[in-house]
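S.K.: Pasting in a structure now, in structure tokens, and then I'll have a few things to ask.
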Amino acid sequence: MNKDKKKFKLLFKSSNYQVLILLSIIIIVCIFFDIYYPNNNLLAPFIITTVLSIVVTSLGIPKLNKIKIKQIIREEGPSNHLNKKGTPTMGGIFVVPLGLIITNILYFGQHNYDIILTLSLLIIFFMLIGLVDDLLSLKKQLNIGLTSNQKLILQLFVSLIFIIICASNDYISHNILIANKEINIGYLVFPLGLFVLLAESNSTNLTDGLDGLLSGCSVLIFTGLAIDILIENQGQNHSLAIICIVMAGACMGFLVLNKYPAKLFMGDSGSLAIGACLGGIGLITNNLWSILIMGGILAAESISVIIQVSIFKITKKLYGKGYKFFLMTPIHHHFELKGNNEIVIVGSFWLITLILVIINLIFFSTPSI
């Protein structure tokens, strides 16, 4: 018993160290780019949003407990997840609005505010879809809220409206950058936009399965995207670097409470909104390739599910019995069932994301002339 307590304390300390290291990296990066790009300011918005996010989410936990908004754990998941049952969820309703409020205050009335407002509406509606899903899950007392078809239809509807508005106002380009090569795709930008928003939102949703996994990866990806935009200096889209660093701060503050052992979960209200935010910014700033590279972990989570489902269905049709390629998907559960500690998995996925962000900035971020 004493050994178990000591082991838990060590794990708890290591999760604290992970968060501290991540916070330190982002602060150092913000200071460096504030010096290198003196007309921009990343550090202040990041610090302010992080502090406010910690305060808001801390105050929100007792409220969620009071109205019994608590996580429901699916029985077919890893057995060690059963002790997470009862943890407050739907933390996204604090994090996402906070980031949007700060961004809208910073850019209200400026010449490119219409872009910020359009993007904000996309994120809010995806958050509302996730909120409905979360509430239905709680009502049913099952880890299933909206059906997959219901969720898909709502996501498609909101995404289509967003893309039509962006296209009609020239917010998105028909020339897509892929590995520093420009390709004109014409009206294919519409199906591409739909795919990006659906893929990103569902990838972030799938990634949100371990304490601190999505929030930590999101901090790194949003920061990397902010730097990418600064380096490329894309005119009117330049201000979107601030919404990225503000969202990084919102996720950072949430991570303080979401790290292992989590005191608060994000819920679909947060994960879907984060994915929509990444996809929307990627479309407007023409940084889809960068998001694909930096969000490699998000892509891997989705691909693992696709592979698992495909192999199971094919083998069931061929042999009458479905076989699995992974022990469980999304892939972070596979590593759990292989005996890896949750904190080690999360830390490893953060490290991979950090490496991918660095690779993208070195090889695929081109300063404008």
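S.K.: Hey, among the residues in the stretch 77-110 that are touching a strand residue (DSSP E or B) at 6+ places or on another chain (Cβ under 8 Å) and of a type outside the set (V, I, T), which one's surrounded by the fewest Cβ atoms within 10 Å (Cβ to Cβ)?
M.R.: K85
Each row is one residue, and each column tells you yes or no for (1) modelled with pLDDT of 90 or more; (2) within 30 Å of A241 (Cα to Cα); (3) among the small types (G, A, S).
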{"residue": "K84", "(1), (2), (3)": "no, no, no"}
{"residue": "P88", "(1), (2), (3)": "yes, no, no"}
{"residue": "G91", "(1), (2), (3)": "yes, yes, yes"}
{"residue": "V96", "(1), (2), (3)": "yes, yes, no"}
{"residue": "Y107", "(1), (2), (3)": "no, yes, no"}
{"residue": "N112", "(1), (2), (3)": "no, yes, no"}
{"residue": "L122", "(1), (2), (3)": "yes, yes, no"}
{"residue": "V158", "(1), (2), (3)": "yes, yes, no"}
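S.K.: Given the residues L152, L192, L206, L135, which is the only one that is touching a Pro at 6+ places or on another chain (Cβ under 8 Å) and either more than 28 Å from I93 (Cα to Cα) or not polar (S, T, N, Q) (or both)?
M.R.: Only one candidate passes the filter, namely L206.
S.K.: Which residue is modelled with the highest pLDDT, if the candidates are limited to the stretch 214-246 and must be farther than 21 Å from T204 by Cα, part of a helix (DSSP H, G or I) and not β-branched (V, I, T)?
M.R.: Only one residue fits best here, namely L230.
S.K.: What residue, of D268, D228, is under 18 Å from the mean Cα position of the chain (by Cα), more than 30 Å from L59 (Cβ to Cβ) and crowded, with 23+ Cβ neighbours inside 10 Å?
M.R.: Within the list D268, D228, the selection yields D228.
S.K.: Can you find a residue in the stretch 303-310 that is modelled with pLDDT of 95 or more, within 25 Å of I178 (Cα to Cα), touching a Ser or Thr at 6+ places or on another chain (Cβ under 7 Å) and buried (at least 18 other Cβ atoms within 10 Å of the Cβ)?
M.R.: Yes, the stretch 303-310 contains at least one residue that is modelled with pLDDT of 95 or more, within 25 Å of I178 (Cα to Cα), touching a Ser or Thr at 6+ places or on another chain (Cβ under 7 Å) and buried (at least 18 other Cβ atoms within 10 Å of the Cβ).
S.K.: When you go through (1) surrounded by fewer than 24 Cβ atoms within 10 Å (Cβ to Cβ); (2) over 30 Å from I164 (Cα atoms); (3) among the hydrophobic types (A, V, I, L, M, F, W, C) one by one for F349, which number turns out not to apply?
M.R.: (1)
S.K.: Criterion first (in contact with a strand residue (DSSP E or B) (Cβ under 7 Å, 6 or more places away or on another chain) and surrounded by fewer than 23 Cβ atoms within 10 Å (Cβ to Cβ)) does N286 satisfy it?
M.R.: For N286, the condition - in contact with a strand residue (DSSP E or B) (Cβ under 7 Å, 6 or more places away or on another chain) and surrounded by fewer than 23 Cβ atoms within 10 Å (Cβ to Cβ) - is met.
The values are calculated or read from the model by the stated rules, or taken from the named source; none is laboratory data. As the structure is a prediction and not an experimental result, all values here were calculated from the model. No Cβ is skipped: glycine too gets one built from the backbone with ideal geometry, and neighbour counts run over all protein chains shown.
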